[in-house]
Each structure stands twice: as structure tokens, then as C-alpha cells.
Amino acid sequence: MAARNTLIGHAVGILCGYASLWLMGLTERPSAMVEGVHLQRVFCAALSLEMTGALTTLLDASHPRAGATTLIIALGIITQPYHLLIIVISVVVLLLQAFAINRLAGLDFPIWAPRSGGYIEGGDCATSPSSVRGTHGSGTR
């Protein structure tokens, strides 16, 4: 995992989730948990996920967990701007925590982008499975 992907992914998720709410006219409506799921809300959720996936791909910042962020917003669970800011602050705090814990454990945690070598292709592990198990890629993930 690179901090870059995490920050960009969640920022894109927040923007796309709120943009979808706005486009569908749902910013002032109760959440899907209160009023139920209807076609307009389903379209809002689908649109937000599509936009998030497309933008994170275009920005080369894949972070699948950002889909949860965009859904929380598109479903109307969190819609207030100051709550959205709290999400961003939480992501930053978790990244700082991950950096500190990995460094204290002697693991290389990339500050902005993954370093070449030592990473699973397309994965989020700070070390390769072979270095963890002491094998050369045998076994399952």
C-alpha cells in the first residue's frame, strides 16, 4: 500500500460520492437507512462507484477500499461537509499510525509511492510472501 493511493483514493471517493448525491438531488434527503433503497439511490450508488473506479484508475491510484467511502456518502449515511473532513483527517491519522508501526517493526513503509521490489504485484503488503514465509513464492496467499 502506498500512502499516495490511500489519500487519493479516499479523496476521490468523497468527491465522487458527494457529486453523485448532488447530481441525483439527494443531498437533503434522509439516508438509505431511513427512507429505504429506491431506484434513484441505487443509481446514485452505482454512479459514485463507477466514477471512483474510473478516476482512481486514471490517476494510477488504485485503492479498492475507497469504494466503501464513496458508498457511505452516496447512500446518504454521511453527507455533512464537516463529517467529510473528519473522514479525511481519519485517513491521515491511520496513515501516520501505519507508518510509525511499520517503521518501529523494522518494515519498509513507503511514504508516498511503493518502492520497486519487495511488493506483491497489485497487492497491499509491505513485504513479499516469500520473505514472510521464507520460501520462494510457494504456498497460497
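So the values come out like this:
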{"read-out": "The stretch 60-89, residues that are out of contact with any His (no Cβ under 6 Å at 6 or more places or on another chain) and either closer than 14 Å to Ala3 by Cβ or of a type in the set (Asp, Glu) (or both)", "value": "Asp60, Ala61, Ser62, His63, Arg65, Val88"}
{"read-out": "Scope the stretch 12-27; condition under 11 Å from Ala66 (Cα atoms), of a type in the set (Gly, Ala, Ser) and more than 8 Å from the chain's Cα centre (by Cα); matching residues", "value": "Gly17"}
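Throughout, read-outs are computed from the coordinates displayed, never taken from laboratory work. It should be emphasised that the depicted structure is a prediction, and the values quoted were computed from it without experimental measurement. Using ideal geometry, Cβ is built from the backbone for each residue, glycine included, and neighbour counts are taken over all protein chains shown.
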